[in-house]
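The values are calculated or read from the model by the stated rules, or taken from the named source; none is laboratory data. Not measured: the values here are computed from a predicted model. Using ideal geometry, Cβ is built from the backbone for each residue, glycine included, and neighbour counts are taken over all protein chains shown.
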Amino acid sequence: MPRTPIAKLSFAKVYPLLVGKAERRGRTREEVDLIITWLTGYDRADIERQVERGVDYETLFAEAPRMNPDRFLITGKVCGIDVAALADPVERDARYLDKLIDELARGRAMERILRSGQGA
């Protein structure tokens with residue numbers, strides 16, 4: 001069975017997995033939404049609309065009100081892949097989101113997750 005490219009993954013299917021990962025570690029859906037808001041500029045109602053519409057990652061990021069320019073401060077690996085080295089912008093942004101949720105699930109403080117005070 002061929003792999004679905006990250007750009008075509010349904011955000012509606014991934015979102016509950018992101019929330020579940022956070023909640024299993026004692027974090028909340030609100031914190032997941034805050035991370036998504038920081039990354040994309042969507043508010044909570046926008047996030048819910050995108051989930052209801054069943055958009056894929058490509059559409060989610062293309063329609064984002066404002067992709068955070070500080071997202072490039074996110075470094076490290078997700079599934080053994082260096083997020084900063086990814087050439088495809090949709091895949092990179094999806095991996096940025098994964099990385100932020102991983103940090104949340106590991107108990108990192110929200111100020112550090114959102115790179116507060118680290119931007120230019």
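Close contacts from the stretch 67-90, counting a first residue that is closer than 22 Å to ASP43 by Cα and a second that is buried (at least 17 other Cβ atoms within 10 Å of the Cβ) and of a type in the set (Gly, Ala, Ser), with Cβ to Cβ under 6 Å and a gap of 6+ residues or different chains, come to VAL90/ALA7. The set of residues from the stretch 79-95 being more than 11 Å from the chain's Cα centre (by Cα) and of a type in the set (Gly, Ala, Ser) comprises GLY80, ALA84, ALA85, ALA87. Against the list (1) surrounded by 13 or more Cβ atoms within 10 Å (Cβ to Cβ); (2) closer than 17 Å to ARG106 by Cα; (3) not aromatic (Phe, Trp, Tyr), the condition CYS79 fails is (1). Within the stretch 37-69, track down each residue that is within 13 Å of the chain's Cα centre (by Cα), part of a helix (DSSP H, G or I) and over 16 Å from LYS13 (Cα atoms). THR37, TRP38, LEU39, THR40, listed by residue number. Selection of the stretch 13-30 for residues being surrounded by 17 or more Cβ atoms within 10 Å (Cβ to Cβ) and either part of a helix (DSSP H, G or I) or hydroxyl-bearing (Ser, Thr, Tyr) (or both) yields VAL14, TYR15, LEU18, VAL19, ALA22.
Might you check whether a residue that is under 20 Å from PRO5 (Cα atoms), of a type outside the set (D, E, K, R) and not in a loop (DSSP other than H, G, I, E, B) occurs anywhere in the stretch 108-116? No: zero hits.
Name the residue, out of GLY54, GLY41, that is of a type outside the set (A, V, I, L, M), at positive phi and in contact with a helix residue (DSSP H, G or I) (Cβ under 7 Å, 6 or more places away or on another chain). None of the other options fit; the residue is GLY54.
Each row is one residue, and each column tells you yes or no for (1) in contact with a Ser or Thr (Cβ under 9 Å, 6 or more places away or on another chain); (2) among the polar types (S, T, N, Q); (3) buried (at least 18 other Cβ atoms within 10 Å of the Cβ).
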position	(1), (2), (3)
GLN50	yes, yes, yes
GLY54	yes, no, no
THR59	no, yes, no
PRO65	yes, no, no
THR75	no, yes, no
ALA87	no, no, no
LEU97	yes, no, yes
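Residues in the stretch 33-67 that are within 16 Å of ILE113 (Cα to Cα) and in contact with a Phe, Trp or Tyr (Cβ under 8 Å, 6 or more places away or on another chain): ILE36, LEU39, THR40, MET67. Scanning the stretch 72-90 for residues that are in contact with an Asp or Glu (Cβ under 7 Å, 6 or more places away or on another chain) and modelled with pLDDT under 95 yields one hit, VAL78.
Contact annotation: residue pairs with Cβ atoms under 7 Å, 6 or more positions apart or on different chains, pairing a residue in the stretch 39-59 that is under 24 Å from ILE74 (Cα atoms) and modelled with pLDDT of 95 or more with a partner that is assigned to a helix (DSSP H, G or I) and among the polar types (S, T, N, Q), are TYR42/GLN50; ASP43/THR37.
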